[in-house]
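Notes follow the structure.
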Amino acid sequence: MKKSYSKKIFVALLIVAMMISSMAGVFVYGEAADITTITILHTNDIHGRVDEGTFDGMGFGKIATLVNQHREQYPNVLLLDGGDTVHGLPIATMVEGQSIIEIMNAIGYDAMVAGNHDFNYGQERLVELNEIADFPILAANVIKEDGELLLPSHMIQEVDGIKIGIFGLATPETIFKSHPKGVVGLTFEDTVEAAKRMVAELENQVDIIIAVGHLGIDEETFDTSKRVVENVKGIDLFVDGHSHTVLENGLLVEDTLIVSAGEYGQYLGVVQLTIENGILVDLEASLISKEEVEELEEDEGVMAVINGIKEQQSQILSDVVGTTTVPLVGEREVVRVEESNLGNLITDVFLEATGADVALTNGGGIRTSIEAGEITRGNIIAVFPFGNSIEVKKVTGAIIKEALEHGTDAYPEAKGGFPHVAGMTFTIDVNRPIGDRVVDIKVNGEALEIEKEYTLATNDFLAAGGDGYTMLIEPPTIRVLMAMDEALVDYIRAREVIEPKVEGRITATELVVEEEKEEVVEQPVIKEPIVEEPIEVIEPKTTIYIVQPGDWLSRIAIRYGTTWEELQEMNDIKNANLIFPGQKLVVPVQ
């Protein structure tokens, strides 16, 4: 366990009481302080990673073992989650999150906050998952059209006589960082205002206030946990998620300690709260890493739940649909910044399934790669964990150009909205201004016509304006087809063996950096008088010649009846074209 960080709170009331007692001339030995310790364990951004993996976390089996160890060692333990938990991998998406809730029930979570990706199955499904869970999924700032909250705002838990108020804050970025159709009619209240309202409601009911938020601390994000605690007094602890931040010993902002445990279960967060006579006097935050528990046994009961779920899903997931002779590249470092063979394959599938003129999908919707060899349905679901369907829109050439400009505006930086295409090609000219740097757009080999109407096949996430593709909302939808994973299964089954390539559908120019030119001031050339030096005889057959302005080695050679090659060799000259006025050369005697 990492070294801990302490936050000390000055207990003014106790000092005042002692001063009053002393002034009265009476010194009373008080009873021993009433000290209570409460342990808060926390996770965030699991994204369906239930198993231990090389690039994933320790898995729910080991998390459960650690939780049980703490429950045995400490009398008062609460387990919280910072959201983005019920979505991400096939084990979660095949049953729209129910599997993850069942595992969390088995571990004994006490509360979680709704993350943006927890809305991916739609708001109605999230409400259903809240009913399946043995714990509340909290969101104090998500309001329905009728003015009611979508989910519970808070809970009050009494632990060893200490009342703890826990409320949830969902990121307003959910509006564009989850499927837009899943949040239709919802309002995400400003997180600061919601937090102020919750603190005002709880402060007279509880001893400790904890916020569980899916906000993060990324600088480019407006609604961060830091912004909340900088503007809202009274929150003792903020359990955070969304930015996948690793805070080894927490981050103290104002009087609030913010904690976050990275991603995928790579850490289990631990916060020890010390309460003395009903007043919080100390918080110590630390993380237990995956590496620290390498030899730890997985909890048998939780693993039985996980294996039971896998057994139910295995027959479907293991179905082999075809073979690829090459790796299908879907790593985020590639698909969010450049063309990939998997992006090309997906958009080719869109065209075949729809007969559209062009296709476009977002790199952020491609979640993993597939190794060369057999392709299973499970592999395909891992690539498309969001359950999106294919949608065809009627758009103008101007809309296509606007979409490409939007998707590439961060290039060469990575962006989830980076476009992968079929039926068209384009070039990103990085030397042109953002918003007008996509050039040489061709549709089926012909130049794009701005006024012409085309049919565009895309995913329903982008068609609804996701990833900022708002220009695709208004154009009419012609039809909605099958889920993306089903279309890809059909495409591969029909061919049995595939070998997609990077074909140059997307190209980019090199950035031209103009160097600042220094102004050169020409200085007058002062010619030194030529001073004839007496010829020094080195040996009877050679003499010394002083090079004059305008001399060339060949000219001197002619004068002395030799060749420039001989002069070069005699004088050990590296470059026959480079001699200087005043230079002494050995030349043959005439």
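The values are calculated or read from the model by the stated rules, or taken from the named source; none is laboratory data. These figures come from a predicted structure and were not determined experimentally. Glycine also receives a Cβ, built like all others from the backbone with ideal geometry; neighbour counts cover every protein chain displayed. Accessible surface is based on the protein model in full, side chains and every heavy atom, while ligands, DNA and RNA are left aside. Shrake-Rupley method; radii C 1.70, N 1.55, O 1.52, S 1.80 Å.
Taking a ≥ b ≥ c as the square roots of the eigenvalues of the Cα gyration tensor, segment 292-399 is classed as prolate, since a/c reaches at least 1.5 and a/b is larger than b/c.
Taking all protein chains together and a 1.4 Å probe, the residues 572, 282, 218 rank 572, 218, 282 from largest to smallest accessible area. For segment 257-328, the residue among 305, 283, 272 whose Cα projects farthest onto the positive side of the dipole built from Cβ charges is 305.
In the chain, taking the dipole from charged Cβ atoms about the Cα centre, the farthest positive-side position among 448, 487, 225 is held by 448.
The dipole here belongs to segment 415-516: it is taken about the Cα centre, uses +1 on the Cβ of Lys and Arg and -1 on the Cβ of Asp and Glu, and is about 380 debye. Quick one: of the DSSP bridges fully inside the chain, what percent are antiparallel, nearest 5? About 70 percent, rounded to the nearest 5.
The base-10 log of I(q)/I(0) for segment 394-514, evaluated at q = 0.11 Å⁻¹, reads -0.43 [Debye formula, identical scatterers on Cα atoms, solvent excluded]. Straightening the chain between residue 510 and residue 544 buys 6.9 nm, computed as 0.36 nm per residue apart minus the Cα-Cα spacing. In bins 10 Å wide, starting from 0, what share of all Cα pairs of segment 136-230 does each bin hold, as a percent? Bin by bin from 0 Å, the calculated values are 16, 46, 30, 8, 0. Computed over the alpha-carbon pairs of segment 220-336, the distance histogram in 10 Å steps reads 10, 24, 26, 23, 11, 4, 1 percent, short to long. Here the calculated FRET efficiency for residue 352 and residue 304, from their Cβ-Cβ distance with R0 = 35 Å, stands at 0.20, rounded to the nearest 0.05. Note: segment 384-434, Cα convex hull, 102 Å³ per residue.
With bins 20 Å wide beginning at 0, the percent of Cα pairs of the chain falling in each bin runs 17, 38, 21, 12, 10, 2, 0. A Förster radius of 30 Å, combined with the Cβ-Cβ distance separating residue 219 from residue 196, puts the computed FRET efficiency at roughly 0.80.
Each of 486, 219, 371 has its accessible area taken with a 1.4 Å probe; listed largest first, they run 219, 371, 486. Summarising the label geometry, the points placed 7 Å from Cα in the beta-carbon direction at residue 230 and residue 493 lie 5.4 nm from one another.
Ligands, DNA and RNA aside, residue 554 has an accessible area near 60 Å² when probed at 1.4 Å.
Per residue, the average separation of C-alpha pairs within less than 8 Å and at least 6 apart gives the chain a relative contact order of 13 percent.
Give me the net charge for the shell around residue 471: Cβ to Cβ below 10 angstrom, other residues only, Lys and Arg +1, Asp and Glu -1.
Values: positive: 401; negative: 402, 405, 474.
Value of the local net charge: -2.
Across all Cα atoms of segment 195-237, the radius of gyration (one decimal) and Dmax (whole number) stand at 11.1, 36 Å. Based on C-alpha pairs under 8 angstrom that are at least 6 apart in sequence, segment 187-257 has a relative contact order of 33 percent.
The mean of 1/r over all distinct Cα pairs in segment 208-257, once inverted, gives the Kirkwood hydrodynamic radius of 10.9 Å.
For 562, 425, the ranking by accessible surface with the largest value first comes to 425, 562, using a 1.4 Å probe.
Under a 1.4 Å probe, what is the accessible area of the chain per residue, stated in Å²? Can you show the working numbers first?
Details: 28480 Å² over 590 residues.
I get 48 Å² per residue for the chain.
Let's test the formula: R0 of 51 Å, r as the Cβ-Cβ distance of residue 311 and residue 449. What FRET efficiency results, to the nearest 0.05? After rounding to 0.05, the efficiency reads 0.40. Rounded to the nearest 20 debye, the dipole magnitude of the chain is 480 debye, with +1 charges on Lys and Arg beta carbons, -1 on Asp and Glu beta carbons, and the Cα centre as origin. The overall shape of segment 66-196, judged from the alpha-carbon gyration tensor, is oblate: a/c is not under 1.5, and a/b is no greater than b/c. Once the Cα-Cα distance is subtracted from the 0.36 nm per residue extended length, the residue 332 to residue 295 segment shows a gain of 10.2 nm. Rounded to the nearest angstrom and listed largest first, the equivalent-ellipsoid semi-axes of segment 261-320 from its Cα gyration tensor are 38, 14, 12.
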